[in-house]
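The values are calculated or read from the model by the stated rules, or taken from the named source; none is laboratory data. The shown structure was predicted, so the numbers you read here are calculated from the model rather than taken from an experiment. Cβ placement follows ideal geometry from the backbone for every residue including glycine, while neighbour counts extend to all protein chains displayed. For the accessible areas, the whole protein counts, side chains as well, though only heavy atoms, and no ligand, DNA or RNA atoms are used. Shrake-Rupley method; radii C 1.70, N 1.55, O 1.52, S 1.80 Å.
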Amino acid sequence: MHETAGGGEETMLRKTANRRIHIFPDKDALDKAAAAFFAARCAESIGTTGRFTVALAGGSTPQGLYHLLGSEGFRTRIPWNRVHLFWGDERCVPPSSGKSNYRMAAESLLTRVPVPPGNIHRMQGELPPSEGAARYEETLRTFFTGPRLPVFNLILLGLGSDGHVASLFPYSEGLQERERLVVPNYSWAQANPRLTLTLPVINGAETILFLVAGEEKRSVVSRVLCRESSPARLPARAVCPVMGDLLWYLDKAAAGEIAAG
Ligand code: 6PG
C-alpha cells in the first residue's frame, strides 16, 4: 500500500495495530517528512495542552532533522516558547564533549531557534552516573506533575546496529528496569557509561518516532521488524507504546528487503 506522507514523497506504508512504517527514497526526504511530522504534532499538542514535550534522540541520524527544524521555514513556524525539549539518553560526558548528545542538539538546533533556556531539560552527563540519573528522574517527576508516569507528546529514537534504543543495550540492566524513569546504563561496546530513559517511560509516550537511515542499518531493521527475536537481544523489539502510536521512518537504504512490501 502506498501513501503520500510529509513532503509529498511517496512512501511504502505497512500498518499494524498502532505501528506504521514509512519508507522514503532517501535521507533528505526522510528528514523533511520528520520535520513536517514534528511541526504537525507540535501544533496539535499545543492546541490541546498549550505545550509540546519531546525527548530528542542522540547519535548522528537525527542531526538532519534538527538542522531542518532550525532552518527558516520551521524556525518561524514552530512556537518554540511552548516547546519543552528533553533527551532520551546521554553519554556520561560534559556537555562540551564532542560525544555529548546535548552538544549535538545544541549545535544543530538549540542555538538556531528561540527556545527559552528554561524549556531545555538537559541530562547532566557530567555528574556521576547515578547522581545524573537521579537528578533527571527528579526533573521528570517535577515537570510531569502527578504520580503517574511522564507522558511525552513525542519521543524520537534512533536504532543502533545491535538493536539498542536510547541507551538500552542488549542484555543490559537498564533494559529490565520497570520502576525508575531514568537509569545509568553500561555496555561493553560503549566507551562511556550512559543515562537513559527506561522502557516504561518510552512506551508511555503518545507518539514514538524511529528515525533510521543507511545501508548499515538494513540488517538490524529486518531483524527488528520482520523476524522474531527476544527484546533482550534486540531492545528495539521492546518498544511498544501502551496507548500511543509507533512510527518508523526509514530511508530505502535501511528498509532493504522490507521495501519489497
Ligand atoms: C546515542 C543514541 C543511540 C542512537 C543509536 C543510533 O546516544 O548514540 O541515543 O541510541 O540513536 O545508536 O545512532 P546513529 O543515529 O548514530 O546511527
Selected residue (only one of 55, 105 is under 29 Å from residue 213 (Cβ atoms) and in contact with a helix residue (DSSP H, G or I) (Cβ under 7 Å, 6 or more places away or on another chain)): 105
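Examine the stretch 223-238 for a residue that is part of a strand (DSSP E or B), within 20 Å of residue 56 (Cβ to Cβ), open to solvent by less than 70 Å² (accessible area, probe 1.4 Å) and within 13 Å of the ligand (Cβ to nearest atom), and state whether such a residue exists.
Scanning the stretch 223-238, I find no residue that is part of a strand (DSSP E or B), within 20 Å of residue 56 (Cβ to Cβ), open to solvent by less than 70 Å² (accessible area, probe 1.4 Å) and within 13 Å of the ligand (Cβ to nearest atom), so the answer is no.
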Of all residues making up the stretch 72-102, the number that are more than 13 Å from the ligand (Cβ to nearest atom) and in a helix (DSSP H, G or I): 9
Pairs where the first residue, in the stretch 228-250, is more than 22 Å from residue 23 (Cβ to Cβ) and touching a residue at least 60 places away in the same chain (Cβ under 8 Å) and the second is open to solvent by 60 Å² or more (accessible area, probe 1.4 Å) and of a type in the set (Phe, Trp, Tyr), C-beta under 6 Å, 6+ apart: 232/171
Any hit, the stretch 208-220, residues being crowded, with 20+ Cβ neighbours inside 10 Å, touching a Leu at 6+ places or on another chain (Cβ under 9 Å), over 24 Å from residue 45 (Cα atoms) and among the charged types (D, E, K, R): yes
Qualifying residues in the stretch 184-220 (those that are hydrophobic (A, V, I, L, M, F, W, C), within 11 Å of the ligand (Cβ to nearest atom) and part of a strand (DSSP E or B)) - the one nearest to residue 20 (Cα to Cα): 210
In the stretch 40-56, the residues that are open to solvent by 10 Å² or more (accessible area, probe 1.4 Å) and within 18 Å of residue 105 (Cα to Cα): none
Subset of the stretch 124-157 that is of a type in the set (Gly, Ala, Ser) and in a loop (DSSP other than H, G, I, E, B) - its residue that is surrounded by the most Cβ atoms within 10 Å (Cβ to Cβ): 125
Residue 50 being at positive phi and at pLDDT 95 or above: yes
So residue 180, is it assigned to a loop (DSSP other than H, G, I, E, B), farther than 25 Å from residue 218 by Cβ, among the charged types (D, E, K, R) and modelled with pLDDT under 95: no
Test: residue 187 is in contact (Cβ under 8 Å) with a residue 40 or more places away in the chain, hydroxyl-bearing (Ser, Thr, Tyr), surrounded by 19 or more Cβ atoms within 10 Å (Cβ to Cβ) and closer than 23 Å to residue 60 by Cα: no
Complete set of residues in the stretch 44-57 that are touching a residue at least 12 places away in the same chain (Cβ under 8 Å), over 30 Å from residue 253 (Cβ atoms) and of a type in the set (Gly, Ala, Ser): 45, 50
Residue match in the stretch 155-175 (condition: within 14 Å of the ligand (Cβ to nearest atom) and at positive phi): yes
Test: residue in the stretch 58-69 that is open to solvent by less than 50 Å² (accessible area, probe 1.4 Å), free of Cβ contacts under 8 Å to residues at least 40 places away in the same chain, over 15 Å from the mean Cα position of the chain (by Cα) and within 16 Å of the ligand (Cβ to nearest atom): yes
